[in-house]
């Protein structure tokens, strides 16, 4: 199977997390804590199995810090999607992830060129546009939760950059996050609601969109240039927005379009400028 096709499948899987979560929480009776628990547990099982099949032995890596960041991301992600559209949520999540990683670079001494600065400013303006008062603005609490999920995923990504075996580390982090989601489940037990359809969406999010999606991405990642790998992820919010229109009848609003152009254009400008320097 070609690298281009594998990359496309991985990006669709990543966007699928937003669609599956929104579908489950908007159209079934499952609650966010239960969705998160099923997603993490099924993702852990899938990644552990794939890791075993590839190496013929269980070698789970990871760390408690990364597992905690993964848990915060997954939990905030689920609770935010109670009130967010798939497209808006994916866009805010992506913007927060990239902003977190850029901010870390600045904190550790990186300096931005004028073009990179313009890109960062555009992305931040795009995030602010999403919260401008209006009919299409996301609820403040849900918006802040998805931004928090993006920051947590940015921290998770930064902490995992030095790992030698990313799939095994991801599997280990998912396994270590299981006690955390079980504690969340216990804390929210009185509000827990289940149904078959919602549980299947959560299972698909964990096993397919997360577990299989990450496995495919890590398999194809060594074949991509760093710039190409970063740029192709710009498609995830767009895929999620299109999927929201098709499967959830979500409207494409002018606010979402303008914010998307600012955020994706700004991040793309930043990535392109960095590639020109190296």
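A short reminder: the numbers here are calculations on the coordinates, not readings from a lab. Since the model is a prediction, treat every value here as computed from it, not as a measurement. Counting neighbours? That spans all protein chains shown, and the Cβs are built from the backbone with ideal geometry, glycine included.
Just to confirm my numbers, what's the Cα centroid distance between the stretch 54-97 and the stretch 191-263 in Å?
Between the Cα centres of the stretch 54-97 and the stretch 191-263 lies a distance of 12 Å.
Within the P(r) computed for the chain, what percentage of the Cα pairs occupies the region above 32 Å?
Of the Cα pairs, 20 percent sit more than 32 Å apart.
Determine the calculated [θ] at 222 nm for the chain from helices alone, applying -39500 (n - 2.57) to every DSSP H run no shorter than 4 residues and normalising by the residue count; nearest 500 deg cm²/dmol.
Numbers: 12 runs with 209 residues, N = 278.
The helix-only estimate for the chain comes to -25500 deg cm²/dmol at 222 nm.
Quick one: work out Rg over Rh on the C-alpha atoms of the stretch 179-240, Rh as Kirkwood radius. Intermediate values should be presented prior to the final figure.
Numbers: Rg = 16.6 Å, Rh = 14.5 Å.
Radius of gyration relative to Kirkwood radius: 1.14.
Relative contact order (percent) for the stretch 153-278, with alpha-carbon contacts under 8 angstrom and 6 or more residues of separation? If you can, show how the numbers build up before the last one.
Working: 20 pairs, mean separation 28.7, N = 126.
That works out to 23 percent.
Give me the base-10 log of I(q)/I(0) for the stretch 147-278 at each q in 0.18 Å⁻¹, Debye formula, one uniform scatterer per Cα, rounded to two decimals.
With one equal scatterer per Cα and no solvent, log10 I(q)/I(0) is -1.38.
If N is the number of residues in the stretch 48-124, what value comes out of its Cα radius of gyration divided by 2.2 N^0.38 Å? Could the numbers behind the result be given before it?
Numbers: Rg = 17.6 Å, N = 77, 2.2 N^0.38 = 11.5 Å.
Working it through for the stretch 48-124, the quotient is 1.53.
If you take the alpha carbon radius of gyration of the stretch 1-130 and divide it by 2.2 N^0.38 Å, what ratio comes out, to two decimals?
Details: Rg = 17.8 Å, N = 130, 2.2 N^0.38 = 14.0 Å.
Here the Cα radius of gyration is 1.27 times the empirical estimate.
Hey, with R₀ at 22 Å, roughly what FRET efficiency would residue 245 and residue 128 work out to, going by the Cβ-Cβ distance, to 0.05?
Details: r = 24 Å, r/R0 = 1.10.
Calculated transfer efficiency: 0.35.
Relative to the compact-globule scaling 2.2 N^0.38 Å, provide the ratio for the alpha-carbon radius of gyration of the stretch 238-278.
Working it through for the stretch 238-278, the quotient is 1.52.
For 234, 23, what's the fewest-to-most ordering of other Cβ within 10 Å of each Cβ?
Working: 234 17, 23 22.
If I rank by nearby Cβ atoms, fewest first, I get 234, 23.
Provide the gained length on full extension for the span residue 223 to residue 27, in nm with one decimal, where the gain is 0.36 nm per separating residue minus the Cα-Cα distance. It would help to have the intermediate numbers written out before the result.
Numbers: separation 196, 0.36 × 196 = 70.56 nm, distance 3.88 nm.
Contour length minus the Cα-Cα distance gives 66.7 nm.
Over the chain, calculate the relative contact order: mean separation of alpha carbon pairs under 8 Å at least 6 apart, over the residue count, as a percent. Could the numbers behind the result be given before it?
Details: 423 pairs, mean separation 117.1, N = 278.
Rounded, it is 42 percent for the chain.
Please compute the contact order of the stretch 1-85 in relative form: average sequence separation of alpha-carbon pairs under 8 Å and at least six residues apart, divided by the residue count, as a percent.
Numbers: 34 pairs, mean separation 35.5, N = 85.
Relative contact order comes out at 42 percent.
Calculated FRET efficiency, residue 194 and residue 252, Cβ-Cβ r, R0 25 Å, to nearest 0.05? Kindly include the intermediate steps, with their values, before the conclusion.
Numbers: r = 33 Å, r/R0 = 1.31.
The pair residue 194/residue 252 has a calculated efficiency of 0.15.
For the stretch 73-211, what is the convex hull volume of the alpha-carbon atoms per residue, in Å³?
Details: hull volume 20.1 nm³, N = 139.
Roughly 145 Å³ of hull volume per residue.
Any idea how far apart residue 165 and residue 64 come out in nm if each label point goes 7 Å out from Cα toward Cβ?
The two pseudo-label positions are separated by 2.2 nm.
Could you put 111, 274 in order, starting from the residue whose Cβ has the fewest other Cβ atoms within 10 Å?
Values: 111 8, 274 20.
Lowest to highest Cβ neighbour count: 111, 274.
How big is the Rg/Rh ratio for the stretch 1-76, C-alpha atoms only, Rh by Kirkwood, two decimals? Write out the running numbers ahead of the final one.
Values: Rg = 14.9 Å, Rh = 14.5 Å.
On the Cα set of the stretch 1-76, Rg over Rh gives 1.02.
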